[in-house]
Amino acid sequence: MTERRLSPLDKLLARADNALRTLTPGTIQAERTPAHASPAPDAPDAGSLPSDKRRHVLGLMRINHTGEVCAQALYQGQASTASLPHIRHAMEESAREEEDHLAWCEERIQELGGVPSKLNPLFYAMSYAVGATAGLIGDRWSLGFVTETENQVVKHLESHLYQIPESDLRTRAILEQMKTDELKHAVTAKDAGGADLPPPVRHAMTLMSKVMTFTTYRI
């Protein structure tokens, strides 16, 4: 079957639709089959967490939610400028898989009595610009950017799992599955030909990540 060629207007509308769906609470739904649905429902909730621990877990999940917002923007930005069709499709497929994480984090934030970060639109715009720039530089570098991004996300998740109370099985189940998925994305991008990013670029990414985590934990 011949793939339909989208006009520039079609592509623009598709990107705008993705941005609105990503930034509007309640519009993204997890699409995995029942066997791979959200890991949280099968894990008993911790019940009533102490208020200080609940606030901390809420802050961590707000960070993770914003991270998934950024992931959507990065992949969409890279897909918009990727030169090879199979790379573009890989980016779009990864974005669809990340939608599950977005939905799980949003659901857990609501259960904890909170709301997503008010800074999400800003971080979406910044991440889309970075992703599009990476795609323009070249597919090998774009894939390398995915690898480094996902590796940093895995480190964040490991840190959060260390901080989550052992009794909060619901949150831990979500983060464990996200960690597995993110590691898979990193390996896939590396195996597809992702280049190793220069140290200054990696350091800049780490700095931006620290800014995001510091602000979205609180706002």
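Scalar couplings 3J(HN,Hα) for region 176-182, obtained by applying the Karplus form with A = 6.51, B = -1.76, C = 1.60 to θ = phi - 60°, are 5, 5, 4, 4, 4, 5, 5 Hz; x denotes Gly and Pro. Binning all Cα-Cα separations of region 65-219 at 10 Å, short to long from zero, yields these whole-percent fractions: 11, 42, 35, 11, 1.
Whole-Hz Karplus values for region 107-118 come out as 4, 5, 4, 5, 4, 7, x, x, 10, x, 5, 6 Hz, taken residue by residue from phi with 6.51 cos²θ - 1.76 cosθ + 1.60 and θ = phi - 60°; glycine and proline positions read x. Rolling a 1.4 Å probe across the protein heavy atoms gives region 94-219 an accessible surface of 48 Å² per residue. Apolar share of the accessible surface for region 89-186: 60 percent from carbon plus sulfur atoms, 1.4 Å probe. In this structure the amide hydrogen of residue 114, modeled in the peptide plane, comes within under 5 Å of no amide hydrogen from residues 5 or more places off or on another chain.
Computed from backbone phi, the HN-Hα couplings of region 144-149 come to x, 5, 4, 4, 5, 4 Hz, rounded to whole numbers (Karplus: 6.51 cos²θ - 1.76 cosθ + 1.60, θ = phi - 60°; Gly and Pro given as x).
The values are calculated or read from the model by the stated rules, or taken from the named source; none is laboratory data. Please read all numbers here as calculations on a predicted model, not as lab measurements. Calculation scope for accessible area: heavy atoms of the full protein, side chains included, ligands and nucleic acids excluded. Shrake-Rupley method; radii C 1.70, N 1.55, O 1.52, S 1.80 Å.
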